[in-house]
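First comes the structure, then the notes that go with it.
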Amino acid sequence: MIRALTLLTDFGLADPYVAEMKAVLLAEWSRFPDPFPLPLLVDISHALPPGDVPGAAWLLGRVAPMFPAGTVHLAVVDPGVGTARPAVAVAAAGQFFVGPGNGLFGFLARGGPVTVVRLDNPLYQRGRGGKPAPTFEGRDLFAPAAAHLAMGVPLHQLGTPSGPEALGAVDGVSGDRADGPGPTTEPALGRIVWIDRFGNAITDVARDGPHGTRLMEGAEVAVGSTAVAGPGVTFAVGSGDRPFWYWGSGGTLEIALRAGDAAARHGWQVGMAVRRSAP
Amino acid sequence: MIRALTLLTDFGLADPYVAEMKAVLLAEWSRFPDPFPLPLLVDISHALPPGDVPGAAWLLGRVAPMFPAGTVHLAVVDPGVGTARPAVAVAAAGQFFVGPGNGLFGFLARGGPVTVVRLDNPLYQRGRGGKPAPTFEGRDLFAPAAAHLAMGVPLHQLGTPSGPEALGAVDGVSGDRADGPGPTTEPALGRIVWIDRFGNAITDVARDGPHGTRLMEGAEVAVGSTAVAGPGVTFAVGSGDRPFWYWGSGGTLEIALRAGDAAARHGWQVGMAVRRSAP
Amino acid sequence: MIRALTLLTDFGLADPYVAEMKAVLLAEWSRFPDPFPLPLLVDISHALPPGDVPGAAWLLGRVAPMFPAGTVHLAVVDPGVGTARPAVAVAAAGQFFVGPGNGLFGFLARGGPVTVVRLDNPLYQRGRGGKPAPTFEGRDLFAPAAAHLAMGVPLHQLGTPSGPEALGAVDGVSGDRADGPGPTTEPALGRIVWIDRFGNAITDVARDGPHGTRLMEGAEVAVGSTAVAGPGVTFAVGSGDRPFWYWGSGGTLEIALRAGDAAARHGWQVGMAVRRSAP
């Protein structure tokens, strides 16, 4: 079995914080009698906007399932660090997740059975006098727990069993926001959940979901007042003047502009609704 | 022999794409009976401007030869993903290269004999129903191929043998562009091929090339209307007011400004010609 | 014992330089008869502002002690590359440091006994004809030395023993700068030494130092004309209108704004003094 540990934060790479967490991982592993082979460290991203818990949840929910069984995901987007939200470790779908119970891991409970513990075992806590710094639990509480999970320490040793409610609720993208006037009164098929570097707008309209079936044969959708034809197959579709939609590599509807930045051109943002155009 | 796998993309580090490719690498490796020791993952860069194939080719051509024999380079700068350009794996100079046949690897054929295959063996393709997503062949086609090369699978198993024409041609920096009025009518010695973070302009005028010999004893060159004296030896040369040239660590002529940003000061960009000043 | 090698530079991640150094590390390791398991590579940061030696020293001084014994730190922030400043390798507190003797490692000598060598053994130098490129000693001089230290080569083999004066002096943040008019004439408790991505201002006022004791029970401090109450415990303190101070995870006084960017709001910069408010 491959041992891998991923990191996902909103810390950026200019500050000491990511390196401090990695230093703690190595320091913990160096206490094991035969620490080789070490788990492989993989950075998922440290470029989340500060405090963007819904974005982090989307990113992790997309990427995590592709990693092998046994992978440990250490995810710290935690604007409420040190406050009453719980600190948790979770086993779900053969993998492990460690971080704040602020909604970041809420998607796990929606996907199947989960086992949750609160990280309250002082054996796996670090910091001054064994007390985690209330402003950096990523280093003193989450990293040590993740380090031990990656070395095979059982989840239940890390703390007190808890229910999925300890994962918290995301106060994020949901509901049917006003998106300005549009050419249609159809209900939303879904929403834009991510805009990537190329300006492609990724939505949560799943190809395998109820709306996906309706869209299979080709259909025009709309974001705000902009109509979007599709589906295209590659990015080399259309005139470069009008956006088109396609089934993205994550299994949901995406919208792009040939050789251009669709989101910037049209002012699209995360949270905007995607509707079916009126026929 | 060291097993190493490098990654070079224009994906940035904020989106899920680089992590998805790494997840696929790990998932492929986890299928091997004894996957340890894993190949070492090295990020060359993910900060290429979107679609900058010539820039990616320059970067890879500079860095790759420094890696040990057997290294696998997974390079995905691929604005035509999913279109007719081939997907290739290449053996050249004792190393392996996997990515699009869009000119990115054209430099390999200019450097010596290459062995090329088209990645058409479905055994090494992933995606929904084994069909690579046409918008993300980096994940579904290139990463699995690179993963297997790094574990010792022979190149010829990955697909159909092909000629070097499958590497494609770069539609990039070449020819003798107009660069505005200059103090000289000398033909170009070469061009600016990269501008680094410090504002140093790196050219393709090789120290070991025909022009290099002429410049050995010291000579003034010019970019546009700006004269550049040299050669200097370190960055601590000159007055800080005038740029100077030196033989850079990559073996070609570079131009810098002492404690300053030469390219920003003078408005230099990739593609501009470097000429010898009229005597 | 875990073998780990960290990298800290001001090179950014868009240019070839960091990848070239890693390529050299791998190439050196591939010459060893049994190079596995390879040392773990950990990037501390490559986002230092160009030439920011004091910032690099602060970052390394904060992060390095958290790594396990035996870790090799390869640090290259070196605006004087190729000039007379020495190239050094240092053993201090059970770890190793390789880079320029320009003050970057000065903090090591202040922390206890150090062993210093100048990197003048040609056996561990690379480059054209074995001569390091004067503009990239990070690749040709520091990386080979660090590679060998990480494989167990003794420090004294790398060059000539030297005294701590070879570490150089930082020409950085010190003294009692003018910071404009303030509400107090108290002497400075310390200074802002780092501003992080969240806008938190990290100072060098140590909790365990003489000023720390005075501030334990709560006290108002000031930066320029802005009063700062504290200590808070988590970031969820205060009204969001006024900054507050707290004991940061690095053991020094920090200043933040609830759900805001304290430094941007108040125009704070590295080097500004923190004073105790007049009672």
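Counting only protein chain heavy atoms and rolling a 1.4 Å probe, the accessible areas of B:Trp247, A:Trp58 rank, largest first, as A:Trp58, B:Trp247. Separation of region A:6-45 from region B:26-102 is 25 Å, based on Cα centroids. When the Cα positions of B:Gly138, B:Val76, A:Pro37 are compared along the charge dipole of the protein assembly as shown, A:Pro37 comes out farthest toward the positive end, with charges on each C-beta of Lys, Arg, Asp and Glu. With each label modelled as a point 7 angstrom along the Cα→C-beta vector, the A:Arg197-B:Ala227 pair spans 4.2 nm.
Largest first and in whole Å, the equivalent-ellipsoid semi-axes of region C:117-164 read 18, 12, 9, each the square root of five times a Cα gyration tensor eigenvalue. For the protein assembly as shown, the Cα-based Rg and Dmax, in that order, read 27.6, 82 Å. Of all beta-carbon atoms in chain B, the one sitting closest to the axis that brings chain B onto chain C gives B:Pro37, 3, with the distance in whole angstrom. Take C:Gln269, push a point 7 Å out from Cα through the beta-carbon direction, and compare it with the same point in every other copy: 3.1, 3.1 nm, smallest first. From the largest down, region A:1-49 spans 38, 23, 10 angstrom on the principal axes of its Cα atoms.
Could you please report the charge total around B:Ala75, scoring K, R as +1 and D, E as -1 over all other residues with beta-carbon less than 15 angstrom from its beta-carbon? So the surrounding residues net to -1.
Using a 1.4 Å probe over protein heavy atoms, the accessible area lost on pairing C with B, summed over both chains, comes to approximately 2800 Å². Given contacts defined as C-alpha pairs under 8 Å and at least six residues apart, what's the relative contact order of chain B, whole-number percent? Computed value for chain B: 16 percent relative contact order. Neighbours of C:Trp247, meaning other residues whose beta-carbon lies under 14 angstrom from its beta-carbon, give a summed charge of -1 when Lys and Arg score +1 and Asp and Glu score -1.
For region C:63-132, the calculated P(r) over all alpha carbon pairs, in 5 Å bins from 0 to the bin holding the longest distance, is 4, 15, 25, 26, 16, 10, 4, 1 percent. Sorting A:Met66, C:Met151 by accessible area puts them as A:Met66, C:Met151; the probe is 1.4 Å, largest comes first, and only protein heavy atoms count. For C:Tyr246, A:Tyr124, the ranking by accessible surface with the largest value first comes to A:Tyr124, C:Tyr246, using a 1.4 Å probe. Atom-type composition of the exposed protein surface of the protein assembly as shown places 55 percent of the accessible area on carbon and sulfur (1.4 angstrom probe). Ratio of Rg to Rh for region B:207-264, alpha carbon only, Kirkwood? My calculation puts Rg/Rh at 0.94. B:Arg31 label point (Cα plus 7 Å toward Cβ) to equivalent points in the other copies: 3.8, 3.8 nm, shortest first.
In region B:126-167, burial by the other protein chains removes 50 Å² or more of accessible area from B:Arg128, B:Thr135, compared with the chain on its own (1.4 Å probe, ligands and nucleic acids ignored).
Between 0 and 90 degrees, the angle of helix C:53-63 with respect to the longest Cα principal axis of chain C falls at about 90 degrees. Summed over the residues of chain C and divided among them, the accessible surface reaches 38 Å² per residue at a probe radius of 1.4 Å. Solvent-accessible surface (1.4 Å probe) assigned to C:Arg139 amounts to roughly 20 Å².
Net charge dipole, chain B: roughly 200 debye, given to the nearest 20, about the Cα centre with Cβ charges of +1 for Lys and Arg and -1 for Asp and Glu. Using all Cα-Cα distances in region B:1-154, what percent lands in each 5 angstrom bin from 0 up to the longest? For region B:1-154, the binned pair fractions read 2, 10, 21, 25, 23, 14, 5, 1 percent.
Remark: chain B is approximated by an ellipsoid whose semi-axes, taken from the C-alpha gyration tensor as √(5λ), come to 40, 18, 17 Å, largest first. A:Lys131 contributes about 140 Å² of solvent-accessible surface, heavy atoms of the protein only, 1.4 Å probe. For A:Asp204, nonlocal amide neighbours, meaning residues 5 or more places apart or on other chains whose placed amide H falls under 5 Å from its own, are A:Arg191, A:Val193.
At a Förster distance of 45 Å, what's the computed FRET efficiency of B:Thr160 paired with A:Ala259, Cβ-Cβ distance as r, to 0.05? Once rounded, the FRET efficiency stands at 0.90.
If you find the alpha carbon centre of region B:148-167 and of region C:123-145, how far apart are they in angstrom? Going from one Cα centre to the other spans 34 Å.
Plainly put, region B:1-91 has a radius of gyration that is 0.97 times its Kirkwood radius, both from alpha-carbon atoms, as the Rg/Rh ratio.
Exceedance of the 25 Å cut-off in Cα-Cα distance is limited, within the set A:Lys22/C:Lys131; B:Lys22/C:Lys131; A:Lys22/A:Lys131; A:Lys22/B:Lys131, to A:Lys22/C:Lys131; B:Lys22/C:Lys131; A:Lys22/B:Lys131. B:Phe32 contributes an accessible area of around 50 Å² to the protein surface, as traced by a 1.4 Å probe with all chains present.
The values are calculated or read from the model by the stated rules, or taken from the named source; none is laboratory data. The shown structure was predicted, so the numbers you read here are calculated from the model rather than taken from an experiment. Glycine gets a Cβ as well: all are built from the backbone with ideal geometry, and neighbour counts include every protein chain shown. Only protein heavy atoms, including side chains, enter the accessible area calculation; ligands, DNA and RNA are left aside. Shrake-Rupley method; radii C 1.70, N 1.55, O 1.52, S 1.80 Å.
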